[in-house]
Structures are given as structure tokens and as C-alpha cells.
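In what follows, a structure is listed as C-alpha cells, so that the remarks can point back to it.
What follows draws every value from the coordinates through simple rules; no lab data is involved. These numbers come from a predicted model, not from an experiment. Please note: Cβ atoms are built from the backbone with ideal geometry, for glycine as well, and neighbour counts cover all protein chains shown.
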Ligand code: HEM
């Protein structure tokens with residue numbers, strides 16, 4: 001079971017993340033939206049959303065760099081494993097608490113306000129619950145990490161993650177003896193990858209890829225929202241009438 005969960009499941013989760021995200025981005029790029037709930041409980045949204053996003057972004061990049069940078073590079077830079085462990089605990093701890101407080105505000109708002117609840121899907125609420133559970137597990141691991149301040153335990157996770165990403169066999173063996181709480185955190189993290197393309201989390205794709213798409217793939221492509229009150233069909237008809245009477249010089253006004 002351990003071998004499946006930490007040797008094979010990561011590939012299933014990453015494959016669904018990759019293929020599902022490409023498919024969602026290509027097929028339904030405008031389906032992640034707020035359904036205009038931002039007019040409701042605005043203050044709670046602003047504070048909760050800011051805390052949550054800042055915290056999660058710090059954790060995301062912290063995990064990315066922390067887990068995937070080759071250990072030899074830290075050694076070459078003279079950064080000891082103990083120092084890196086301490087940084088993970090302090091920076092990750094502060095960011096984790098920010099994300100937890102912000103996420104709890106967002107969940108409270110979405111769950112408790114009947115009008116916002118009405119515009120929320122099951123997936124909108126479920127993904128917030130999963131992220132909060134993941135934050136609680138992650139913060140819980142800090143108490144274990146504090147007992148391994150030499151950083152040795154942390155290098156096991158780095159080796160595991162790097163073996164997975166470089167398709168080497170035996171990755172699961174690296175973390176066979178770590179605490180259950182860590183295993184639960186890793187499993188839930190992978191599960192969040194798995195469901196990512198099917199939830200509101202997919203909006204992260206816009207943050208990373210939309211600017212590139214506008215710059216390189218679709219020059220001149222622009223989404224326009226009109227603020228005019230008359231419907232487009234009516235305006236088109238009026239334009240055509242003017243053209244018919246005064247000819248092309250009538251212009252678009
Ligand atoms: C597959 C994905 C993930 C993996 C492999 C992973 C792995 C880890 C590991 C190994 C640690 C312990 C770091 C250390 O102190 O040595 C950790 C801590 C933590 N994780 Fe994750 N994690 C994942 C996803 C997430 C997600 C999605 C969140 C937040 C929503 C999160 C939040 C945290 C927090 C708050 C901590 C404690 C602070 C820290 O040590 O950085 N993790 N994670």
C-alpha cells in the first residue's frame with residue numbers, strides 16, 4: 001500500500017493535473033468565475049482573500065524550491081540542512097497561519113451567508129475544506145520537525161520528491177519510516193493535485209498562463225465587456241439604419 005500511495009499515486013495525480021489542466025484551459029477557459037459574490041460581505045472577502053492568497057503563494061513557492069532544489073546545491077551554497085529546516089518551519093509556519101486564518105474567513109463567508117452559499121457549487125466548498133485540512137496537517141508537522149532540527153528528516157522528503165520528478169524507482173522507500181502525519185499531508189497534497197483541474201483552483205492557471213498567452217499566442221485577441229445599456233443587437237441595427245440613410249460616413253456613433 002505504501003509503495004502504491006507514494007510510488008505510483010504521485011504519477012496518477014500529476015498526470016491528471018497536467019492533462020486535466022490543459023483540457024480545462026483549452027475547452028472551458030471562462031468557467032472559473034466568482035458568480036459575482038464579491039458584492040456580498042466585501043470586507044470579509046478582502047481580508048480573508050488577501051491573507052489566504054499571500055500565505056498560500058509563499059507556501060507554494062517555498063515547497064517548490066524547498067523540495068525540488070537538489071540537496072547538493074544547498075551544500076555547495078553552504079546552507080546547512082539545519083538552517084533550511086529552521087527556515088521551512090518559521091517561514092512556512094507564518095505563511096501557514098496566515099493562509100489558515102484567511103481560508104477560515106473565506107469558508108465561513110461561503111458557508112454561512114445563504115446568498116453566497118446559493119451561488120457556490122459543492123466543489124467550491126469542498127476544495128476550501130480540503131485546503132484548510134491540508135494546512136492543519138502541514139502546521140501539525142511543524143511539531144515533529146522541531147524534534148528533527150538537524151534537517152535529516154527533511155532531506156528524506158527532498159529525495160522522495162526529486163526521485164518522483166526524475167522517474168527513478170524506489171522513491172517510496174525514502175519515506176517509509178516518516179511519521180504518519182507527514183504521510184497524511186503528502187497524500188492529501190497529491191489528492192489536491194488530482195482534483196485541481198475540476199475545481200475553482202483552476203483559476204491559478206490564468207495567473208500563470210494568461211499573460212503568456214496574450215503575449216505570445218494570441219496577439220490582438222481581447223475580451224471586451226460593454227458598459228452600454230442598449231443590447232448589442234439593437235445597436236447593430238441602429239448602426240445599419242444610419243449607414244443606409246447617410247452612407248459609410250455615418251460612422252459608428
Ligand atoms: C503534494 C503536495 C505537498 C507536499 C509533497 C508537501 C510536503 C510538505 C513537507 C515535506 C513539509 C515539511 C517541511 C519541513 O518542515 O521539513 C510540509 C510542510 C507544510 N506544508 Fe506541505 N506539502 C504539499 C502540499 C501542501 C499544500 C497544498 C499546502 C497548503 C495548502 C501545504 C502546507 C504546508 C504547511 C503550512 C507546512 C508547515 C510549514 C513548513 O514546514 O513549510 N502543503 N509540506
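Describe numerically, in nm with one decimal, the distance between label points set 7 Å from Cα along Cα→Cβ at residue 238 and at residue 72.
7.0 nm
Hey, could you pull the Cα Rg and Dmax for region 86-125, both in Å?
Spelled out, the Cα radius of gyration and Dmax of region 86-125 are 14.1, 44 Å.
Compute the length gained on full extension between residue 14 and residue 208: take 0.36 nm times their separation in residues and subtract their Cα-Cα distance, giving the result in nm to one decimal.
68.1 nm
What FRET efficiency would be calculated for the residue pair residue 94, residue 119, taking the C-beta separation as r and a Förster radius of 51 Å, to the nearest 0.05?
For R0 = 51 Å, the calculated efficiency reads 0.95.
Taking the Cβ of each residue in 233, 173 as the centre, tally the other Cβ atoms inside 10 Å and list the residues starting with the fewest.
On the way: 233 8, 173 16.
In increasing order of surrounding Cβ atoms, one gets 233, 173.
At R0 = 45 Å, how high is the FRET efficiency between residue 80 and residue 23 if r is their beta carbon distance? Nearest 0.05 is fine.
So the FRET efficiency works out to roughly 0.55.
Where the eigenvalues come from the Cα gyration tensor of region 2-222, what are the semi-axes √(5λ) of the equivalent ellipsoid, largest first, in whole Å?
32, 22, 17
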